[in-house]
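The block underneath contains the structure these notes are about, expressed in structure tokens.
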Amino acid sequence: MQRFRQDHLDTTENPLAIEVRGITKTYGPATVLDDVSLEIRPGEFMTLLGPSGSGKTTLLNVIAGFVHPDRGRLLIGDEDVTDKPPHRRGIGIVFQSYALFPHMNVAENVAFSLKARRISRAEAGPMVANALSLVKLEGFGERRIDQLSGGQKQRVALARAIVFQPKLILMDEPLSALDKQLREHMQIEIRALHERLGATTIYVTHDQREALTMSNRIAVLNRARIEQLGTPFEIYDTPTSAFVADFIGEAVLAGVSRCDDYSVLLDGRRMMCASKVPIGNDLVLVIRSEKLRLAEAAAENQIPAIVRKRIFQGESHLLFAETANGLTFTVRQPSHVESDGLLPGEGGSANFSLHPAHTVVVRRDPKAEY
């Protein structure tokens, strides 16, 4: 049996690739996965992101083996595991509810998966200790579960998932029960743990910031299909649909008229674009609040507006603005001693500018839920 090193789990040598081939799943008249295909690279941190009902958790459960697809195949590594039961897939799983056993202490919870694999107590002891060390719970082995905080329970669930050295780890919204500050702290810790382990990781969340923070790539699901697949930067800065643009971050989708291949008309004003405008007439401009700036005289893509409301939010000011033609949008400006005094007050007028690199135009999807 392969041994743990003191400060590392040896999953980096052969992390597994995952291939989802045309997976379809229905429940009665409802299609929850519609011919979904996805390739996940060895050692990658892939996040399945989408609103409730988009199919992300069902897809994770298909990979785990808890749900059998109606059509399609699933490959883990080079093996077709579509018909293989969950306990024979060698997957570490972290559930949303943690699923810890309250009658067992921390070490017993972590060792449970080792016992199921018939690993002796003598071999399991060092493995459990090493897994607890990796999640920063040294010395917690004898604690009862009801003596732990929410963050500590999350760490125990992580330790249990990694203790047997899986090459594939699945996580189903594991941070949703934590408060904001702890959740953000655990995002960084899980990402760091992933980098140390090297295991392929698939993570489900509906939290856009969480997905952007943690992922190598993100698959955005909507209405049982993958709407867009890309890096966090690609998903955020170059959305390929109105749904993705609206779902990720703070954005207003403003109707525009085509002007030429690299510009559109917004309220009769020409807006230059750094990338080519999509083909079609039903187009919208993605206006992200943090991409707008107070315009200097020579700035491109100026949008004159009246500030209707200004809200201080600590690290930033949020301005609610309206153009003469009734287009409303928000502007988020960092709070800084040198710039706060330049911001217009409520009722004040200002010119805002949107850099061509941030002037993204997408097609409107009449069926999209945004």
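With each label point set 7 Å from Cα along the Cα-Cβ vector, what nm distance links Arg191 and Asn281?
Going by the 7 Å Cα→Cβ label model, 4.4 nm.
Which of the lysines could a cross-linker span from Lys136 if the Cα-Cα distance has to be under 22 Å and same-chain partners fewer than 8 positions apart are dropped?
Reachable lysines: Lys153, Lys167, Lys180.
Determine, for each peptide in 143-156, 332-345, 215-228, the mean count of other beta carbons within 10 angstrom over its residues, then list the peptides with the highest first.
Working: 143-156: 16.6, 332-345: 11.9, 215-228: 21.9.
Packing order, densest peptide first, comes out as 215-228, 143-156, 332-345.
Thr231's amide H: which non-local residues (gap 5+, or another chain) put their own amide H closer than 5 Å, with H modeled 1.01 Å from N in plane and none for Pro or chain starts?
Result for Thr231 returns Ile218.
How far is the Cα center of region 242-317 from the Cα center of region 40-112, in Å?
40 Å
For the chain, what's the radius of gyration and Dmax over Cα atoms, in angstrom?
Cα radius of gyration and Dmax of the chain are 24.3, 76 Å respectively.
Given a Förster distance of 45 Å, report the FRET efficiency between Leu294 and Ser97 from their Cβ-Cβ distance, rounded to the nearest 0.05.
Working: r = 47 Å, r/R0 = 1.04.
Step by step, r from the Cβ atoms, then E = 0.45.
How big is the dipole moment of region 238-363 about its Cα centre under a simple scheme where the beta carbon of each Lys and Arg is +1, that of each Asp and Glu is -1, and everything else is neutral? Debye, nearest 20, please.
Values: 12 positive and 14 negative charges, 42 e Å.
Computed about the Cα centre, the dipole is about 200 debye.
Using a 10 Å cut-off around each Cβ, can you sort Phe233, Phe352, Phe164 from fewest to most neighbouring Cβ atoms? Spell out each step's value before the answer.
On the way: Phe233 9, Phe352 23, Phe164 19.
Exposure proxy ranking, most exposed first: Phe233, Phe164, Phe352.
How tilted is helix 150-162 with respect to the longest principal axis of the chain? Cα atoms for both, answer in degrees (0 to 90, nearest 10).
For 150-162 against the chain, the angle is about 60 degrees.
Please arrange Thr231, Thr238 by how many other C-beta atoms lie within 10 Å of their C-beta, fewest to most. List each step's numbers first, then the result.
Values: Thr231 14, Thr238 17.
The most exposed by this proxy come first: Thr231, Thr238.
Rounded to the nearest 0.05, what FRET efficiency do Arg88 and Ser335 give with R0 = 45 Å and r taken as the Cβ-Cβ distance? Could you check?
0.25
Could you check what % of the DSSP bridge pairs in the chain are antiparallel, to the nearest 5?
On the way: 59 of 77 bridges.
Expressed as a percentage, antiparallel bridges in the chain total about 75.
Angle, helix 180-197 long axis vs. longest principal axis of the chain, Cα atoms, 0 to 90°, nearest 10?
60 degrees
Would you mind calculating the gained length between Met104 and Thr31 on full extension (0.36 nm times residue separation, minus the Cα-Cα distance), in nm to one decimal? Can you show the working numbers first?
Details: separation 73, 0.36 × 73 = 26.28 nm, distance 3.97 nm.
Gain on stretching Met104 to Thr31: 22.3 nm.
Using label points projected 7 Å from each Cα along Cα→Cβ, tell me how many nm separate Asn351 and Arg117, to one decimal.
Those two pseudo-labels are separated by 6.5 nm.
Among Pro126, Met271, Gln96, pick out the residue whose Cα is farthest towards the positive end of the charge dipole of the chain, where Lys and Arg carry +1 and Asp and Glu carry -1 on C-beta, about the Cα centre.
It is Pro126.
Please figure out what share of the DSSP beta bridges in region 18-234 is antiparallel and state it in percent, rounded to the nearest 5.
Working: 20 of 38 bridges.
Expressed as a percentage, antiparallel bridges in region 18-234 total about 55.
Can you list, bin by bin at 10 Å, the percent of alpha carbon pairs in region 149-215, starting at 0?
Using 10 Å bins, I get a P(r) of 19, 61, 20, 0 for region 149-215.
Among Arg121, Arg258, Arg21, determine the one that fluctuates most according to a GNM of the chain built with springs between C-alpha atoms less than 10 Å apart.
Arg121
May I ask for the angle, rounded to the nearest 10°, between helix 121-134 and the longest principal axis of the chain, with both axes built from Cα atoms and the value confined to 0 to 90°?
20 degrees
If R0 is 51 Å, what FRET efficiency do you get for Arg143 and Asp78 from their C-beta distance, rounded to 0.05?
Details: r = 41 Å, r/R0 = 0.81.
The formula returns an efficiency of 0.80 here.
With θ set to phi - 60° and the Karplus curve 6.51 cos²θ - 1.76 cosθ + 1.60, what are the ³J(HN,Hα) couplings of region 252-260 in order, to the nearest whole Hz, using x for Gly and Pro?
Rounded to whole hertz, the list is 10, 9, 9, x, 9, 10, 5, 10, 7.
Using helices alone, what [θ] at 222 nm do you get for the chain, with -39,500 (n - 2.57) per DSSP H run of 4 or more residues, divided over all residues and rounded to the nearest 500?
Numbers: 8 runs with 84 residues, N = 370.
So the helix-based figure for the chain works out to -7000 deg cm²/dmol.
The numbers here are math on the coordinates, done by the rules we state, and not lab data. Small disclaimer: the values here were computed from a predicted structure and weren't measured. Cβ: placed from backbone, ideal geometry, glycine included. Neighbour counts: every protein chain shown.
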